[in-house]
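What follows is calculated from the coordinates using simple rules that are stated; it is not laboratory data. Keep in mind that what you see is a predicted model, and the values were worked out from it rather than measured. Because the Cβ atoms are built from the backbone with ideal geometry, glycine has one as well, and the counts that use them run over all protein chains shown.
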Amino acid sequence: MPSILDLAKPVGEFPDWIHLALFGPPGSGKTVFAGSGYTEGPVIHFDIDGTGAKSFKNHPEMVPHIHRVKIRRCEELLAAGNELRTSSHGYKVAICDTISQLQTLHLQRMMKELYAKNPDKRDRYKTWQDDFYEAGNRITEILEVFCDLDMHVIFIFHQRENKNEQTGVTYLSPQVMPSLGGTVATLVDITGYYTCNTKTTGEETRKLRVKPTNQIQTKTRNWFDSPILENPTFKDLLPHERTVHAS
């Protein structure tokens with residue numbers, strides 16, 4: 001049996017895969033931003049919300065490079081992740097769109113199935129603490145499998161808004177169960193907040209915040225010379241691109 005130490009390689013030999021958690025308001029262009037990763041190679045889009053294909057069709061330059069799979073169950077996405085890990089598929093970018101919807105669908109299915117098994121003790125539309133625990137473990141397993149892939153991975157989330165009633169301050173973060181917030185931040189390289197501002201002239205400016213504020217839960221392990229990237233594409237997140245621009 002070979003020594004574990006014999007498997008060690010210089011850090012510089014490891015590929016610069018990006019694992020990104022992306023959240024923001026609806027309609028801001030999160031899916032299209034993720035699709036811009038087609039410049040790195042073929043993209044597999046796991047469409048959980050069911051609207052991603054429509055977004056890409058507005059950008060014909062992306063269409064030939066993106067393949068779509070409709071996903072409605074955690075088991076399906078987990079199986080897809082394991083298949084990507086073990087097969088020769090050729091994809092360079094995976095998009096999971098959205099993890100928030102996958103979580104919701106899983107909880108809804110759990111409530112329905114558990115009520116059918118025990119209608120005398122279960123409420124059809126009420127979740128128990130153990131339900132959230134099980135759902136959280138299932139989503140965590142999916143995130144771990146995808147973050148272990150040799151490819152870029154983009155997890156898209158809906159936006160959660162928590163308003164402090166005493167101060168009136170609204171806090172923004174990815175929409176997941178509270179127990180999963182720390183897990184997401186730990187597993188990914190970047191948590192980005194994506195927005196679109198439209199002027200009265202119709203001109204749009206899209207911004208990706210990669211460094212946190214007191215109200216916006218973002219993070220990055222990578223170096224950026226600005227906390228906000230304006231009108232970015234996925235390529236702007238790659239270390240070699242930042243090195244070229246800096247020089």
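Helix screen, the chain: DSSP H segments with Cα axial length of 20 Å or more and mean Kyte-Doolittle hydropathy at least -0.5 are 99-117, 129-147. If I take R0 = 30 Å and measure r between the Cβ atoms of Ala8 and Glu83 in this structure, what FRET efficiency does the formula 1/(1 + (r/R0)^6) give, to the nearest 0.05? Efficiency, from the Cβ-Cβ distance: 0.60. With 0.36 nm allotted per residue and the present C-alpha distance subtracted, the Lys211-Met177 stretch has 10.0 nm of extension available. If you take all other residues with their beta carbon under 11 Å from the beta carbon of Arg68, and give Lys and Arg +1 and Asp and Glu -1, the sum is +1. Could you tell me the relative contact order of the chain? Use alpha-carbon pairs under 8 Å, at least six residues apart, and round to a whole percent. Reported relative contact order: 25 percent. Loop only per DSSP, at most 14 neighbouring Cβ atoms within 10 Å: give me the GluC sites (Glu not before Pro) in the stretch 47-132, ordered by residue number. Those satisfying the criteria are Glu61. Note on Rg/Rh (Cα atoms, Kirkwood Rh): of the candidates [x] 1.10; [y] 1.18; [z] 0.99, the value calculated from this structure sits at [z]. The residues neighbouring Met177, those whose beta-carbon lies less than 15 Å from its own, together hold a net charge of -2 under the Lys/Arg +1, Asp/Glu -1 convention. Restriction of the GluC sites (Glu not before Pro) in the stretch 117-177 to DSSP coil positions whose beta-carbon has at most 14 other beta-carbons within 10 angstrom yields Glu165. Report the paramagnetic label zone for Tyr133: residues of the stretch 182-204 whose backbone N is under 17 Å from a point 7 Å from Cα along the Cα-to-Cβ axis. What the label zone holds, given the 17 Å backbone N cut-off, is no residue at all. For each of Met151, Met1, Met177, count neighbouring Cβ atoms within 10 Å of the residue's Cβ, then give the residues from fewest to most. Going from sparsest to densest Cβ surroundings: Met1, Met177, Met151. For the pair Trp223 and Tyr115, a Förster radius of 35 Å applied to the C-beta separation gives a FRET efficiency near 0.10, rounded to the nearest 0.05.
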